[in-house]
Structures are given as structure tokens and as C-alpha cells.
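A short write-up of the structure that comes next.
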Amino acid sequence: MSGTDMSEHTYSYLSSVGFRVFLTTLSHPMEYAKFLIQIGHEPMAPYRTRSLLGKPVQALPNVFRYVKYIKEMDGFVGCYRGYFPKITGQICGAVAAAAVTKNFNSVESFNPIEDEMSDEEKISYLKRSLTKDIVGRTVTIVVSHPFVVISGRMMAQFVGGEDIYNGFFSSIVEIYKEQGLSGFFSGLFPRWLGELTTLILSSFIVFAINNYVIHDRELKAFTTPTINFVANSLTYPFCVVSSCMAVNNCGLAAGLPPNMPIYKNWAHCWVHLSRQGLLNRGSSLLIRYYHGPSRSSNLNTEINF
């Protein structure tokens, strides 16, 4: 790669990181509320309303009302609990992934959709591109996850009003003291499994559709976002399980009975949430129907597995 190409690649990469930082900053209050929903915290009572079909139902306040509630309790600054470690983790993960995958840049030198290629060449391109993406995503997840855990525990303190995970460095000391190095990787495996499943599933489907089904280039532009949305929806339960495991049994009220059972492992958590029909909580943030208690106060904390 020439110096000019390297400079352009670096500029493009930095611009991408900057844009992600901007989006994270803008969306953090909603992601904060979503995280609390994922771990089962519903501080506001459901209310009576009607479904889109006119059927009487009970609903929970949407994400904007949830953010307003957080602001009422903690003020505007309180809406940004966990922001610093989260954004730090994103930057560190992106930098590490770029460093590890820099030797894969030749994969981007041609496009199998735009260029005339044989089926064998297209499949070869898919393998190399997917390998790069898998490596990059894995590095990003592993490097950023300790920061994700710190961020999650800072946010989870909202449930019990604790004052344990406030400073960034003091949180590192607290996690190491309570759980050792393994504590920094609580919930790592379901997060990694979910994100890689999404990546692999969407890559194969998009490749097949764009190369063998759709021939209109304008229509192909809609394939990737559509398939990514569907794939993310299918693997969303992994996000819920990862969020729960990040705070489970860490000394915070949010991760202990009666708010949450103590899980043996992530699979144990999955089975329990599946039995309760809670694997998708937080997936819909605007229209949220109430389907029974989401907290574990009414659940048996001794779960057979």
C-alpha cells in the first residue's frame, strides 16, 4: 500500500471512529435505559392501553419516558452513567482491531459485485473478507469487553442506588478485588457468540442475494441493512444474556435476588429467561407491551438446570 493510500485509509478509519463516538454520545441515554430493561429493571408501573388492533392491553413506558425518569432521579449528568468506559472501550477495541487486521487490507482492493468475477473468485473473496471481519470483530469484543463490564455495573447501580462503581480506576480495583480477572469478562462469551453469529449469517445471506438473486444495483444497496436488521433481531437474546451476566452476582442489587437469580453460567441464564419469555426484553423500545413480571421477585431463584 502506497503512502497516499495509507493516509487515505487512516483518514477514513479515524473518520469512522469519530462518527461512532458521536453516535454513541448521542444515543447513550437511550442505551442506558435499554440496558436497565435488559437486566429486568422496570421502575414504572404498566398502564392500560390498546394494541394496534384495538385489543385492551397493558403497556410499559417507552424508552423516552424511561430516559425522562432517569433524568428526574439523577439529573441530566446521571443519564450518562457508564459513558466514559463505554466510549473508551469502543475506541480501544477499534484501534486494536485495525492493528490486527491491517494485513487484510488487500481484501478491499476489488468488489465481487461490481467486477466481473467467476463464482470461484467470488467465493474466495467472501472467505477472505469474512475471515478479516471475524478476526476484527473478535479482537474488538475481547479488548472492549472489560470496559463494557465496568460501564454496565456503573449503570446497574441505578437499580439499588449503590455508590460502588463510580470512578473508572476504582471500578477496576473493585472488580478485581471481588471476582479477579474473570470478572472483567463476565458475559463475554454470549456477546461474542451473538455478534459472530450475526456477522456470519448476514454475510452469507447478503452475498447470496446480491450475487445470485438481485441483479439491480440500486436494490442491492438495501440488502445489507435489511439483512443486518433481521440477523440482529434473531441474535438479540445473546445481548440480553450478556448484559445480565455482566452484573450477575457482582455485589449490586441489580444482579442479586430478588431482582435477578444467581446464575451458574450464561447457558443457565438463557434457560431461565427463555422459560420466563424474557429473552427479547428491550428489543422494542417504542411499543412495549407488559407480559407479566420481568423482575425475579416473583420467580424461583433456585432454578433447575
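The values are calculated or read from the model by the stated rules, or taken from the named source; none is laboratory data. Everything quoted here is computed from the prediction, not taken from an experiment. FYI the Cβ positions are ideal-geometry reconstructions off the backbone, even for glycines, and counts take in every protein chain you see. Side chains are part of the model used for accessible areas, which takes the heavy atoms of the whole protein and leaves out ligands, DNA and RNA. Shrake-Rupley method; radii C 1.70, N 1.55, O 1.52, S 1.80 Å.
General observations
- Comparing THR226, ILE70, ASN103 along the charge dipole axis of the chain, the residue lying farthest to the positive side is ILE70, per the Cβ-charge model.
- Among (i) 0.91; (ii) 0.99; (iii) 1.11, the entry that matches Cα Rg over 2.2 N^0.38 Å as calculated here: (iii)
- Solvent-accessible heavy-atom area per residue, rounded to whole Å², over the chain at 1.4 Å: 54 Å²
- Each of ILE39, ILE214 has its accessible area taken with a 1.4 Å probe; listed largest first, they run ILE214, ILE39.
- Those residues of the stretch 262-283 whose amide nitrogen sits under 15 Å from the label point placed on THR197, 7 Å along Cα→Cβ: 266-275, 278-281
- Cα lying deepest toward the dipole's positive end in the chain, options TYR32, PRO43, SER186, charges on Cβ: PRO43
- The heavy atoms of ARG137 offer some 80 square angstrom of accessible surface to a 1.4 angstrom probe.
- Note: relative contact order over the stretch 20-276, using C-alpha pairs below 8 Å and six or more positions apart, is 20 percent.
- Amide H contacts of ILE262: none lie under 5 Å away among residues 5 or more positions distant or on a separate chain (H built 1.01 Å from N in the peptide plane; Pro and chain starts excluded).
- Sequence of GLU72, GLU31, GLU218 when ordered by accessible area, the most exposed leading, probe 1.4 angstrom: GLU218, GLU72, GLU31
- In sequence order, calculated HN-Hα J values of the stretch 157-174 (Karplus, 6.51, -1.76, 1.60; Hz; x Gly/Pro): 4, 4, 5, x, x, 6, 9, 9, 9, 10, x, 5, 6, 5, 5, 4, 4, 5
- The stretch 172-248-the stretch 18-40 distance, computed between alpha-carbon centres (Å): 16 Å
- For PHE22, the accessible surface of its heavy atoms amounts to roughly 120 Å² (probe 1.4 Å, protein chains only, rounded to the nearest 10).
- Check: the chain dipole with +1 on Lys, Arg Cβ and -1 on Asp, Glu Cβ, in debye: 1140 debye
- Pair SER283, PHE169: separation of 7 Å Cα→Cβ label points (nm): 4.3 nm
- Three-way shape label, the stretch 40-197, alpha-carbon gyration tensor, a/c 1.5: oblate
- Percent of Cα-Cα distances greater than 21 Å, calculated over the stretch 155-264: 52 percent
- Under 5 Å, built H, 5+ apart or other chain: amide partners of VAL57: THR49, ARG50, SER51
- In Hz, Karplus ³J(HN,Hα) per residue of the stretch 179-194 (6.51, -1.76, 1.60; θ = phi - 60°; x = Gly, Pro): 10, x, 4, 4, x, 6, 10, 4, x, 5, 4, x, 5, 4, 5, x
- Heavy atoms of ARG217: accessible area, 1.4 Å probe, square angstrom to 10: 150 Å²
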